[in-house]
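Down below is the structure, laid out as structure tokens.
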Amino acid sequence: MFRHEVLISGFGGQGVAVAGRILGRSAVAAGLQATMLPSHGTETRGGYVRSQVVIADDDIDSPLVEKPDIFCALSQAAYTRFAQSAAQGVVLYDPETVATGPAPAARSTAVPARGIALESAGTALAANIVMLGVVLRRLNLFPADYAEQALRELMPRHAESNIRALRAGCAHCPHCAG
């Protein structure tokens, strides 16, 4: 039996909740149990946003992420607030938007998500999807095809560019085999 906790955090407009929904929907499509618990400030854009995703092969007793196996920091404020909670997990951050601070350095991994998004999808707005690709490879629970299908369902107008970003993130994962 396993339980994996993923925390994605940033500010409104970065696609934090969308990335969480795609991850949760992908896991369910792959036959796993998943919960996604979003939380955000009152602002629509620029305010605090967090997406807590729990994936398990059995019933999930709580949707709360307390000790994330993977934490994706999409903003400096998110990194500062949650990096220590992932002391036993992996911290993923974009060095263009996050200057690392007091965090478990051995478990922190820089992912140039904005640059990869620009190159693969033509827009930095797909940085969240690049990070999602890295998360999928780190978890290694199911093929990325499930996430591609979720992207087609949740973002039909921009599915193809986001799928390119997802694949680029999967390919970039610095600690994953080919």
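Can you pull out every residue in the range 55-65 that is in contact (Cβ under 8 Å) with a residue 12 or more places away in the chain and not small (G, A, S)?
Correct list: I55, D57, D58, D59, I60, P63, L64, V65.
I need the full set of residues from the range 5-43 which are crowded, with 19+ Cβ neighbours inside 10 Å, over 13 Å from the mean Cα position of the chain (by Cα) and at pLDDT below 95, in order please.
F11
Can you find a residue in the range 85-97 that is under 19 Å from I8 (Cα atoms), among the charged types (D, E, K, R), at pLDDT below 95 and part of a loop (DSSP other than H, G, I, E, B)?
There is at least one residue in the range 85-97 that is under 19 Å from I8 (Cα atoms), among the charged types (D, E, K, R), at pLDDT below 95 and part of a loop (DSSP other than H, G, I, E, B).
So D145 clears everything in (1) surrounded by fewer than 18 Cβ atoms within 10 Å (Cβ to Cβ); (2) modelled with pLDDT under 95 except one condition, right? Which one?
(2)
Take the range 122-135 and flag every residue that is surrounded by fewer than 23 Cβ atoms within 10 Å (Cβ to Cβ) and either closer than 12 Å to I8 by Cα or among the hydrophobic types (A, V, I, L, M, F, W, C) (or both).
Within the range 122-135, A124, L125 meet the criteria.
Scan the range 54-72 for residues that are outside any loop (DSSP other than H, G, I, E, B), touching a Lys or Arg at 6+ places or on another chain (Cβ under 9 Å) and either at pLDDT below 95 or not small (G, A, S) (or both) and report the count.
3
Any residue in the range 66-87 that is touching a residue at least 24 places away in the same chain (Cβ under 8 Å) and among the aromatic types (F, W, Y) sitting within a Cβ distance under 9 Å of a residue that is part of a helix (DSSP H, G or I) and surrounded by 16 or more Cβ atoms within 10 Å (Cβ to Cβ)? List the pairs, counting only those 6 or more apart or interchain.
Taking only residues 6 or more apart or on different chains, the pairs are F71/A78; F71/Y79; F71/F82; F71/A83; F71/S85; F71/A86.
Go through the range 148-164 and give me each residue that's among the basic types (K, R) and modelled with pLDDT under 95.
If the condition is that a residue be among the basic types (K, R) and modelled with pLDDT under 95, then R157 is the only one that fits.
The values are calculated or read from the model by the stated rules, or taken from the named source; none is laboratory data. What you are looking at is a predicted structure, and each value in this text was computed from that prediction instead of being measured. Glycine gets a Cβ as well: all are built from the backbone with ideal geometry, and neighbour counts include every protein chain shown.
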